[in-house]
1. Quick check on my filter: what residues within the stretch B:142-162 are in contact with a helix residue (DSSP H, G or I) (Cβ under 6 Å, 6 or more places away or on another chain) and within 16 Å of B:I119 (Cα to Cα)?
2. Would you please name the residue that is surrounded by the most Cβ atoms within 10 Å (Cβ to Cβ), looking only at residues in the stretch B:100-127 that are of a type in the set (A, V, I, L, M, F, W, C) and within 20 Å of B:A74 (Cα to Cα)?
3. Which one is farthest from the other protein chains (Cβ to nearest Cβ), of the residues in the stretch A:28-80 that are closer than 22 Å to B:Q374 by Cα and acidic (D, E)?
4. From the list B:G219, B:G213, B:G204, pick out the single residue that is at pLDDT 95 or above, under 18 Å from the mean Cα position of the chain (by Cα) and assigned to a loop (DSSP other than H, G, I, E, B).
5. If I filter the stretch B:156-172 for residues that are within 21 Å of B:G207 (Cα to Cα), touching a strand residue (DSSP E or B) at 6+ places or on another chain (Cβ under 6 Å) and buried (at least 24 other Cβ atoms within 10 Å of the Cβ), do I get at least one hit?
6. Under 9 Å between Cβ atoms, which residue pairs at least 6 apart in sequence (or on different chains) link something in the stretch B:224-243 that is in contact (Cβ under 8 Å) with a residue 60 or more places away in the chain and under 23 Å from B:E36 (Cα atoms) with a partner that is hydrophobic (A, V, I, L, M, F, W, C) and not in a loop (DSSP other than H, G, I, E, B)?
7. State all residues of the stretch B:65-85 that are small (G, A, S), touching a Leu at 6+ places or on another chain (Cβ under 7 Å) and assigned to a helix (DSSP H, G or I); if no residue qualifies, say none.
8. Identify all residues within the stretch B:359-381 that are more than 14 Å from chain A (Cβ to nearest Cβ), among the β-branched types (V, I, T) and part of a helix (DSSP H, G or I); write none if there are none.
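The values are calculated or read from the model by the stated rules, or taken from the named source; none is laboratory data. All values reported here derive from a predicted model rather than from experimental measurement. Here the Cβ positions follow ideal geometry from the backbone for every residue, glycine too, while neighbour counts run over all protein chains shown.
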Amino acid sequence: MNIASVKKVEDCFDGGSVFSYEMDEEVTEASIKRLGVLGRLDYFPHFPRPFYRLITDDGLQIKGVEGERDFQVIFPRKEKEKIKEEFERFITTHN
Amino acid sequence: MGQDLRSVFMNNAAGSWPKAPGVVEAVNSALSRRPEHPGRTSLQKDDLAGRCRELLAGIMGVEDKTRVAITFNATHSLNIAIMGMGLQRGDVVVTTVTEHNSVLRPLAHLAERQGVEVIEIGLDDNNLLDFAAFCRALERRPKLVAINHASNVTGRIQDAARYFAAAKKAGAVTLLDASQTMGHARVNPDELFADMVAFTGHKGLLGPPGIGGLYVRPGIELEQWMVGGTGVRSDLTLHPEDMPTRLEAGTPNVPAMAGLALALEWLQEKGHDFARKEMDLARGLREGLSQIGRVNLMDYDPAAERVGIVSFTVEGWEVEEAGYVLQESFGIVCRTGLHCAPHIHAPLGSAPDGTIRLSLSGFNVERDVEYAVQSIKGLAA
């Protein structure tokens, strides 16, 4: 899976930033579950369109819906660029 | 995955959808034909401004339609009213914690820039405006009392007549923000002791955005702070002073007038039953949500008079995220957060994050309500 586009949505009050990612493929159950190695994953497969969210120890937050190509990511203020770079490397190599 | 979802629109307090039948076509038609800007063309087929004014006056039970100025939205109307009062340093204004920023910010602006004192009335134990505190504030002889007819957070309709009657006795000018009640509930300035009523066309009136109105009682002549082209009396150096031109400067939104006029005609015929249906659906929604253990309904009082707005939180979910899930996973369009009414949340217990808000219209159906209740039950499980 590769990143098709990344758009900054807004800056948070605490200095973090919200980005919208669009991938070149739909996010699947398998790819959602792989995200679990990064932190605490909540996955709601019983929703009409399954929702997932992930929070890492670094403060990175991801949320999205299975079957969509896009999802939202909040990067924390601290080490924002480094965390963003590592996250993008992870999703393109592990998904 | 990516299954087709049921789509339910429950964000009518921000802007109603769908519009009254024929509104889209009326706007389209107005944009498609040669423009007939009032007083600004040799083409004068339809007097849309006059028609809107007449219909709006009719809905409010106002005899003199020239006292209804057509504006661009409720915020515009409220600014015309508040800024037009000519308030000076030391003048007192009484308002409430239920207000939208369209009232709070103009008042904060006057407080900051001109030293106007703003007294904000809170809620009592029943979530009604604190009448004792209100009466104490009236002893300060306010020049203006501004009250939200219905909260855009809880939908509760305040007994504006009670507060405004007291305010009139104290010599204040009274301003009603009817953004959430026009088209939903009876808004008669005489019955409510309202000197001014501000409203928008794109919510309960089922018209397009970009049009609103302000009723101003005869005898109140607001200061003009927005002046310019009027299409009439071009010979005058100063902006005309007679109503409604006094408060209307610049080319009006003619396509929106066309849409609103059609919506108002539709409401004349169907409005009563339409509003009743909305109230009934909202009552069902509140009752359904009240049965879900981890749902906290804001200001839940089955006996209270309300428009079709229901606000709540779900334990274990941040409001913003719950709204995202309702939209993306369940297909329910809602609104989350403070809803531009930041001061009501502390007394409601929903500060600092606000609420999830579902707001209905008479175009919703029972199945929408059942689906919303089931979806939120799933969220809260």
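1. B:V145, B:A146, B:I147 - these are the residues of the stretch B:142-162 that are in contact with a helix residue (DSSP H, G or I) (Cβ under 6 Å, 6 or more places away or on another chain) and within 16 Å of B:I119 (Cα to Cα).
2. Of everything passing the filter in the stretch B:100-127, B:V103 is surrounded by the most Cβ atoms within 10 Å (Cβ to Cβ).
3. Among residues in the stretch A:28-80 that are closer than 22 Å to B:Q374 by Cα and acidic (D, E), the one farthest from the other protein chains (Cβ to nearest Cβ) is A:D42.
4. Values: B:G219 fails: under 18 Å from the mean Cα position of the chain (by Cα); B:G213 fails: assigned to a loop (DSSP other than H, G, I, E, B).
None of the others qualify; the one that does is B:G204.
5. Residues of the stretch B:156-172 within 21 Å of B:G207 (Cα to Cα): none.
No, there is no match, as no residue in the stretch B:156-172 is within 21 Å of B:G207 (Cα to Cα), touching a strand residue (DSSP E or B) at 6+ places or on another chain (Cβ under 6 Å) and buried (at least 24 other Cβ atoms within 10 Å of the Cβ).
6. That search, which allows pairs on different chains as well, returns B:M226/B:I80; B:M226/B:M83; B:M226/B:L247; B:M243/B:V68; B:M243/B:A69; B:M243/B:V216.
7. From the stretch B:65-85, those small (G, A, S) are B:69, B:74, B:77, B:81, B:84; that's our starting set.
Now drop any that are not touching a Leu at 6+ places or on another chain (Cβ under 7 Å), which leaves B:69, B:77, B:81, B:84.
Of everything in the stretch B:65-85, those that are small (G, A, S), touching a Leu at 6+ places or on another chain (Cβ under 7 Å) and assigned to a helix (DSSP H, G or I) turn out to be B:S77, B:A81.
8. Result: B:V369, B:V373.
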